[in-house]
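Inspection log for the structure reproduced underneath, given as structure tokens.
The values are calculated or read from the model by the stated rules, or taken from the named source; none is laboratory data. Just so we're clear, the structure is a prediction, and the values are computed from it rather than from any experiment. Positions of Cβ are generated from backbone atoms using ideal geometry, with glycine treated the same way; all protein chains shown enter the neighbour counts. Ligands, DNA and RNA are stripped out before the accessible areas are found, and what is left, the full protein with its side chains, is counted by its heavy atoms. Shrake-Rupley method; radii C 1.70, N 1.55, O 1.52, S 1.80 Å.
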Amino acid sequence: MTDAVRPGRAGRVAKLPPRERILDAAEELFHSEGIRGVGVQAIAEKAGTTKAALYRHFDTKDALAAQWLLIVAADYTSAFDKIEERWPDDPRAQIQGLAAFIADSLSEISHRGCPFINSLAELPDRSHPARQVIEAHKAQQLRRLTAMCTAAGLTDPEGAAAEITFALEGAQVSAQNGSVDHVGERLIAFVEAVMGRHGA
């Protein structure tokens with residue numbers, strides 16, 4: 001996201017401790033140019049620090065990328081938490097809320113792309129620490145969605161969760177590449193159809 005889109009970024013970032021400034025710079029650059037396309041020097045310059053200072057906080061650029069993705073994953077985990085808190089006794093509403101959350105996020109994804117999808121495309125090595133963060137996060141999300149489907153009384157909750165996951169992931173890719181119109185509305189309708197087919 002450019003400074004023009006986030007007014008006052010320079011003043012805001014200048015007040016952060018060095019580690020947070022580095023993470024903020026990495027987030028900006030990894031989103032706009034990709035993990036592989038960004039060098040440590042560029043991150044240090046964006047953060048207003050030096051390469052030596054960056055390496056004091058992060059052993060490698062790979063470790064920095066993994067830490068950035070942990071923060072992104074935490075944002076999604078927080079969204080799950082808020083959805084469960086909003087509808088504590090209504091798992092069907094939780095599933096609908098999750099679909100709505102992704103649908104509402106599609107405009108940003110269409111502009112910048114999903115950080116997980118973008119990063120996976122750059123990191124074919126499954127032993128890469130950043131890729132391991134993504135895989136662990138996605139597995140945890142599927143477990144939580146399966147638990148929602150189970151609590152909602154869906155037949156074959158594992159299958160329903162898999163189908164909904166396909167829809168959530170596919171919607172993000174479709175929004176990113178612009179291949180399908182009205183993606184958010186189609187996503188919500190599809191999730192409703194899955195729940196209906198599985199008996200909710």
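For an R0 of 22 angstrom, estimate the FRET efficiency from the Cβ-Cβ distance between D125 and A42 and round to the nearest 0.05. That gives a FRET efficiency of 0.45. Computed over protein heavy atoms with a 1.4 Å probe, the accessible surface of segment 91-182 works out to 46 Å² per residue. For segment 180-190, backbone phi angles converted through the Karplus equation (6.51, -1.76, 1.60; θ = phi - 60°) give residue-by-residue couplings of 10, 8, 6, 4, x, 5, 5, 4, 4, 5, 5 Hz, Gly and Pro being listed as x.
How high is the FRET efficiency between D181 and E20 when r is their beta carbon distance and R₀ equals 35 Å, given to the nearest 0.05? Given R0 = 35 Å and the Cβ-Cβ separation, E is 0.35. List every residue whose amide H lies under 5 Å from the amide H of G48, counting only residues 5 or more places away in sequence or on a different chain, with H placed 1.01 Å from N in the peptide plane. Those qualifying (amide H under 5 Å, at least 5 residues apart or on another chain) number zero. Within a straight-line Cα-Cα reach of under 18 Å, K46 can be paired with the following aspartates and glutamates, leaving aside sequence neighbours fewer than 8 residues apart in one chain: D3, E20, D24, E27, E28, E33, D62. Residues in segment 16-21 carry Karplus couplings, in order, of 7, x, x, 4, 5, 5 Hz; the curve used is 6.51 cos²θ - 1.76 cosθ + 1.60 with θ = phi - 60°, and Gly or Pro positions show x. Listed by chain and number, the aspartates and glutamates placed with their C-alpha closer than 13 angstrom to that of K51 are D59; residues fewer than eight positions away on the same chain are left out. Across the chain, Cα-Cα pairs farther apart than 32 Å form 24% of the total. A dipole drawn for segment 104-200 from +1 and -1 charges on Cβ atoms has a positive end, and of V183, A160, S105 the residue lying farthest that way is A160.
Over all distinct Cα-Cα pairs of segment 81-189, the Kirkwood formula returns a hydrodynamic radius of 14.8 Å. Across segment 39-56, rounded Karplus estimates of 3J(HN,Hα) from the backbone phi angles (6.51 cos²θ - 1.76 cosθ + 1.60, θ = phi - 60°) give x, 4, 4, 5, 5, 4, 5, 4, 7, x, 9, 10, 4, 4, 5, 4, 6, 5 Hz, Gly and Pro being marked x.
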